[in-house]
Structures are given as C-alpha cells and as structure tokens.
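These notes concern the structure reproduced below.
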Amino acid sequence: MDWSTFVPDIIAGSISGLFTGITVGFVLWRTQSKREERQKEWEVKKEVSLLKDQLEISILNTEDVVNITSAEKSIPLVVIEVMEIVKGFPIHIYEEYVNNNFIINLIQLKKEYLRFNKTSKELDQRMEAFIRLYNAERNSIETNDGYFLSYFIGRINSYSNEQIQPWILPHKTLGKEEPYDRFYKVNINIIDEYKASRETLLNIVKDLKIGYLQ
C-alpha cells in the first residue's frame, strides 16, 4: 500500500461522495418541488373553477339599479354579491398559478371596490354636512336631510327629477335644485372621482360577463 497517497485518496473519495450526494439530493428536491407545484396548480385551478361557478348567476344577471339613499349604498348590487363570494377565496394567490383575465378582473374589481368605498364615504360626509347646514339655516329638522341626500345622489347619477321623486315622497324635488347646484360646483372633484369609480366597477363586471359568454 502506498501510504503517501492514502490520505489524499480518502479526501478525494469523500469529496466525490459528498458531491454525488449533493447532486442526488438536489435532483430529488427539484423533482419533489415540481410535483408539489403541479399539485398546487391543480388545486388552484379546481378552486378557480368552483369560484367561477359560484359567481356565474350574479355576473350574468346584472342590472344596474342605483340605490340613491346614500353614495356608499349606491354601489352596484352585483359588486356587493361578487365581493361577498370572493372574500372566501385567496384570489391574489391564484394569480401566481392561473394567469387569466378572470382572476385579473376579480383582483381589479376588489381594488376598485375598496377605492369606491373610500370615495363614496367621503362624498356622503360632505353632502351630509352641507345639507345639515343648509337646512339648519332654514329651521328644517334633521329628519328632512335624508330626502335631500337622495336627491343629490340621484342627480349625481344622472336621474331626472321625475325618476327621483318616488324615492323622496312625501317630499318634492322642487326647491332642491338650487342647493344641489351649489354643492356640485364646490365638490365637483370628489363627485367626478365617485362617478369614475362607479363606472369602472361596472366596466369590470362587464368584462367578467363577456368572459362567461365567450
């Protein structure tokens, strides 16, 4: 035995064995990772299919009727229904595995939904403050403020006086045009934000509907 090469041979063999072990371990890890990734992708696609089935009735039966009791409540009903269902699904995680328009639109809808809530609440606060001051100057009780609020929301959403009238009975639309015009001129920016956000919500829902019909 050549003792001069004994130790180097052991070291070389150990290094070779270590390298082989690392290589085999890496291959096994990659194989397992790919298997788990395929399994996760399959599970996500299954959940997305379930979500799509649950949303179908709400999205396909869309009719935009504006609730004019407040800006916040004027959110399209279909959006409320969709968000109620979607909240039980991790749609942001789905985007990593299922890159399609359905998931992208749902994520956009959720973002715009949060934006609309913020904008509509601010608009309500401004209208309520303006109407209370306006009516207080005329010795009108706070109970009457809601009728003015409904009138304002109706006008912002392009409803005519005739369309608004059933919402504010027994009050009349007569006499509410002047304070609305004053409010509109001072708060046109927040009003435009509110209208743009609501229109965006409806457009996203329309895109979702097209996806079902294709």
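The values are calculated or read from the model by the stated rules, or taken from the named source; none is laboratory data. Everything numeric here is computed off the predicted structure, so don't read it as measured data. All Cβ positions, even for glycine, are placed from backbone atoms using ideal geometry, and neighbour counts span all protein chains on display.
Out of (1) in contact with a Gly (Cβ under 9 Å, 6 or more places away or on another chain); (2) crowded, with 16+ Cβ neighbours inside 10 Å, the odd one out for N100 is which?
(2)
So L77 ticks every box in (1) within 28 Å of A129 (Cβ to Cβ); (2) buried (at least 18 other Cβ atoms within 10 Å of the Cβ) but one. Which box is left unticked?
Going through the list (1) within 28 Å of A129 (Cβ to Cβ); (2) buried (at least 18 other Cβ atoms within 10 Å of the Cβ), L77 breaks only (2).
So which residues in the range 157-183 are surrounded by 13 or more Cβ atoms within 10 Å (Cβ to Cβ), free of Cβ contacts under 8 Å to residues at least 24 places away in the same chain and part of a helix (DSSP H, G or I), if there are any at all? Reasoning before the result, please.
The first filter runs over the range 157-183 and keeps only residues surrounded by 13 or more Cβ atoms within 10 Å (Cβ to Cβ), leaving 157, 159, 161, 163-165, 167-168, 171, 173, 176, 179-180, 183.
Applying the additional criterion that residues be free of Cβ contacts under 8 Å to residues at least 24 places away in the same chain yields 161, 163, 165, 168, 173.
Of everything in the range 157-183, those that are surrounded by 13 or more Cβ atoms within 10 Å (Cβ to Cβ), free of Cβ contacts under 8 Å to residues at least 24 places away in the same chain and part of a helix (DSSP H, G or I) turn out to be N161, Q163, Q165.
Residue-wise test of (1) farther than 19 Å from V65 by Cβ; (2) in contact (Cβ under 8 Å) with a residue 24 or more places away in the chain; (3) of a type in the set (A, V, I, L, M, F, W, C); (4) part of a helix (DSSP H, G or I).
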{"residue": "I80", "(1), (2), (3), (4)": "no, no, yes, yes"}
{"residue": "I85", "(1), (2), (3), (4)": "yes, yes, yes, yes"}
{"residue": "H92", "(1), (2), (3), (4)": "yes, no, no, yes"}
{"residue": "F102", "(1), (2), (3), (4)": "yes, yes, yes, yes"}
{"residue": "N105", "(1), (2), (3), (4)": "yes, yes, no, yes"}
{"residue": "L114", "(1), (2), (3), (4)": "yes, no, yes, yes"}
{"residue": "S120", "(1), (2), (3), (4)": "no, yes, no, yes"}
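Out of all the residues in the range 116-125, which are surrounded by 16 or more Cβ atoms within 10 Å (Cβ to Cβ) and not acidic (D, E)?
As a first pass, look at the range 116-125 and keep what is surrounded by 16 or more Cβ atoms within 10 Å (Cβ to Cβ): 116, 119-120, 122-124.
If the condition is that a residue be surrounded by 16 or more Cβ atoms within 10 Å (Cβ to Cβ) and not acidic (D, E), then F116, T119, S120, L123 are the ones that fit.
Given the structure, is I141 among the hydrophobic types (A, V, I, L, M, F, W, C), surrounded by fewer than 17 Cβ atoms within 10 Å (Cβ to Cβ) and either farther than 30 Å from P90 by Cα or in contact with a Cys (Cβ under 7 Å, 6 or more places away or on another chain) (or both)? If you could, list the steps in order and put the result at the bottom.
Working: among the hydrophobic types (A, V, I, L, M, F, W, C): yes; surrounded by fewer than 17 Cβ atoms within 10 Å (Cβ to Cβ): yes; either farther than 30 Å from P90 by Cα or in contact with a Cys (Cβ under 7 Å, 6 or more places away or on another chain) (or both): yes.
Spelling it out, I141 is indeed among the hydrophobic types (A, V, I, L, M, F, W, C), surrounded by fewer than 17 Cβ atoms within 10 Å (Cβ to Cβ) and either farther than 30 Å from P90 by Cα or in contact with a Cys (Cβ under 7 Å, 6 or more places away or on another chain) (or both).
Taking T200, is it modelled with pLDDT of 95 or more and either surrounded by 12 or more Cβ atoms within 10 Å (Cβ to Cβ) or assigned to a helix (DSSP H, G or I) (or both)?
yes
Looking at V27, V48, V65, which one is modelled with pLDDT of 80 or more, hydrophobic (A, V, I, L, M, F, W, C) and assigned to a helix (DSSP H, G or I)? Outline the logic, then answer.
Details: V27 fails: modelled with pLDDT of 80 or more; V65 fails: assigned to a helix (DSSP H, G or I).
Going through V27, V48, V65 in turn, just one is modelled with pLDDT of 80 or more, hydrophobic (A, V, I, L, M, F, W, C) and assigned to a helix (DSSP H, G or I): V48.
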